[in-house]
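One structure below.
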């Protein structure tokens, strides 16, 4: 299952951050935010997860030019060898002062299947809540079924930004093993403006 060429990415929204679950990591893992020296690990995780690399560690410093960047917004799950999963609690004022943006969620393939992407996403969402955000958005692709399944588990729902997404979401939700009818209201909702 792939995104349609030229079609906008899927958008998901969690309407509230007031009821976030407790964050419990598996044994052998810790949680922390970005620290100097994490640049190469962040780039390695991002390059493995997304198709826009490869990047040099200097790519990380371009994020410093992004007004949303703050070290406390970039979270890592780490083991004894370093970062193995990451997510960021980004913010774009144009989406509203109360809305956070879950960004750059990635996990090392050797550590997948342990729920680390879900847990590091939850850490980023807790950061958004500490910053006073009341809801959260994210963008994803049709083929990222395990990620969408995790986002659904975290309470995100489809947010339509293009008419073609009604059918796309039906296919993605079915691939996630979800009852598509339980999302009927989301899939019948009016379109929202695109995020970009």
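The values are calculated or read from the model by the stated rules, or taken from the named source; none is laboratory data. These figures come from a predicted structure and were not determined experimentally. Cβ: placed from backbone, ideal geometry, glycine included. Neighbour counts: every protein chain shown.
Of all the numbered requirements in (1) part of a loop (DSSP other than H, G, I, E, B); (2) at pLDDT 90 or above, residue 54 misses one, and that requirement is (2). Candidates 126, 169: the one that is touching a helix residue (DSSP H, G or I) at 6+ places or on another chain (Cβ under 7 Å) and either within 16 Å of residue 103 (Cβ to Cβ) or at pLDDT 95 or above (or both) is 169. Check 71, 40 and return the single one that is within 25 Å of residue 129 (Cα to Cα) and modelled with pLDDT under 95. Checking each option against the conditions leaves just 71. Does residue 147 qualify as being at negative phi and free of Cβ contacts under 8 Å to residues at least 12 places away in the same chain? It is false that residue 147 is at negative phi and free of Cβ contacts under 8 Å to residues at least 12 places away in the same chain.
On the given criteria, is residue 154 touching a strand residue (DSSP E or B) at 6+ places or on another chain (Cβ under 9 Å), closer than 22 Å to residue 92 by Cβ and either crowded, with 21+ Cβ neighbours inside 10 Å or at pLDDT below 95 (or both)? The answer is no for residue 154.
Within the stretch 21-37, restricting attention to residues that are closer than 16 Å to residue 128 by Cβ and touching a strand residue (DSSP E or B) at 6+ places or on another chain (Cβ under 9 Å), the residue that is surrounded by the most Cβ atoms within 10 Å (Cβ to Cβ) is 34.
Out of 171, 175, 85, 109, one residue alone is within 13 Å of the chain's Cα centre (by Cα) and more than 19 Å from residue 196 (Cβ to Cβ). It is 85.
Going by the structure shown, is residue 177 part of a loop (DSSP other than H, G, I, E, B) and touching a residue at least 12 places away in the same chain (Cβ under 8 Å)? The answer is yes for residue 177.
Consider the stretch 113-144 and keep the residues that are free of Cβ contacts under 8 Å to residues at least 24 places away in the same chain and surrounded by fewer than 17 Cβ atoms within 10 Å (Cβ to Cβ). The one that is nearest to residue 34 (Cα to Cα) is 130. Being modelled with pLDDT of 95 or more and in contact with a strand residue (DSSP E or B) (Cβ under 7 Å, 6 or more places away or on another chain) is the requirement here; does residue 138 meet it? In short, yes.
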